[in-house]
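Following: one structure in C-alpha cells, then a few remarks.
Every read-out reported here was derived from the displayed coordinates using simple, explicitly stated rules and does not represent laboratory data. Every value quoted in this text rests on a predicted model; they were computed, and no experiment measured them. All Cβ positions, even for glycine, are placed from backbone atoms using ideal geometry, and neighbour counts span all protein chains on display.
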Amino acid sequence: MFKIETHLHTCYASTCSQLNAEQIVDGYLAAGYHAVVITDHFHRNTKWFCYSDPPSLSVFLQGYHAVQQAAGNRGLKVFRGAEIRFDGDPNDYLVYGYPDRLLAEPEEVFAMGLEKFSQAAKQAGALLLQAHPCRHSPYEVCVPANAALLDGIEIFNGNPAVDNRNNEAKIFAQSHPELITVSGSDCHKADQIGKSGILAQWLPETDEQFVQLLRSGAFLSSETER
C-alpha cells in the first residue's frame, strides 16, 4: 500500500502555513509517505492573492512548484490541488486534477459559487470534494453542501487545532454512498505532518492518475492519526 497526503498547505501561498518545501519533503519522507497533494488556499484572504499584483494561477502554484523541486528524485511524488472558498460561502472545497483554465481567473472563480463551479469542474474533468464539512471553530463553521454538486467529501480531517467533527462527516457520507471519501492531515505545521491521508493500492504518476485512483476507489481512508 502507498501512503498519500491529500490535504497540505505551504508557506508560499497559504497565509496560515509555516511549512517550506524542504520541511514538507523531509517530514513526509520520514513519515513513510509516497506522495503528497499540495492544496494551498484559493480565496481572497490568503497570501498569494493579497500580496501579488496581479494575483494569478502561477503565483498560487509557487508552493506546489517549490515542493516539486525539493522532492526531485528523492522518491516523493507531488501532485497539485487547491482548497477553494467562494464569496459568501463558509465552506472549503478541495479540487484535484484541474487544468489551468479552470482556475486561471481567480476573481471569476471566487464569484462563481459552488453550483457554477461544480459544473465547470465536471466539464474540465476535475474532482470537487468538500473539505471538513462539519468543522466548528471560533472563526469557521462549515455545513455539508448539496451532495449533488460534489464528487466527494473529506470524512476525516487530521488537523488537531480545530473541532472537525469527523464523526458527523462520516454520517453525512453514509447517507450519500455515491460520494468519494478521503482523509487528509490538513497540515500547516511540522507537528501536523502525516496525521492522516489515504492508503492506495497503486501509486499514481500524474495528477490525472491521482484523479483516476480516487474515482476507482482503490484506496483506504485513514480514520485515525497515522
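Per-structure values
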read-out: Ranked CYS50, CYS134, CYS142, CYS16, criterion: other C-beta atoms within 10 Å, fewest first; value: CYS50, CYS16, CYS142, CYS134
read-out: Max mean-square fluctuation residue, GNM over the chain, Cα-Cα springs under 10 Å, options ARG215, ARG74, ARG165; value: ARG74
read-out: Neighbour-count order for MET112, MET1, fewest beta carbons within 10 angstrom listed first; value: MET1, MET112
read-out: ASP151, ASP186 arranged by Cβ crowding within 10 Å, fewest neighbours leading; value: ASP151, ASP186
read-out: DSSP-defined antiparallel bridges as percent of all bridges, region 1-119, nearest 5; value: 35
read-out: For region 80-98 versus region 1-68, the gap between their alpha-carbon centres in whole angstrom; value: 14
read-out: GLN18 versus GLN123: modelled label distance in nm, points set 7 Å from Cα along the beta carbon direction; value: 4.3
read-out: Reachable lysines, given that their alpha-carbon falls under 28 Å from the alpha-carbon of LYS3 and they are not under 8 places away in the same chain; value: LYS77, LYS122, LYS170, LYS189, LYS195
read-out: Amide H contacts of HIS188 (H built 1.01 Å from N, under 5 Å, at least 5 apart or other chain); value: none
read-out: Rounded to the nearest 20 debye, dipole of the chain from Cβ charges on Lys, Arg, Asp, Glu; value: 380
read-out: PHE42 long-range amide H proximity, modeled H, under 5 Å; value: GLU83, ILE84, ARG85
read-out: Of all DSSP beta bridges in region 2-221, antiparallel share, percent nearest 5; value: 55
read-out: Structure-derived Rg and Dmax of the Cα atoms in Å: which label, when the choices are (1) 15.8, 44; (2) 18.7, 62; (3) 20.2, 70; value: (1)
read-out: GluC sites (Glu not before Pro) lying in DSSP loop within region 142-211, provided at most 11 other Cβ fall within 10 Å; value: GLU178, GLU205
read-out: Cα centroid of region 118-153 to Cα centroid of region 155-222, whole Å; value: 13
read-out: Diffusion coefficient, µm² s⁻¹, Stokes-Einstein with Kirkwood Rh over alpha-carbon pairs of region 102-224 at 10 °C and 1.306 mPa s; value: 103
read-out: Cα pair distances of region 15-76 binned at 5 Å [whole percent]; value: 4, 18, 27, 21, 15, 10, 5, 1
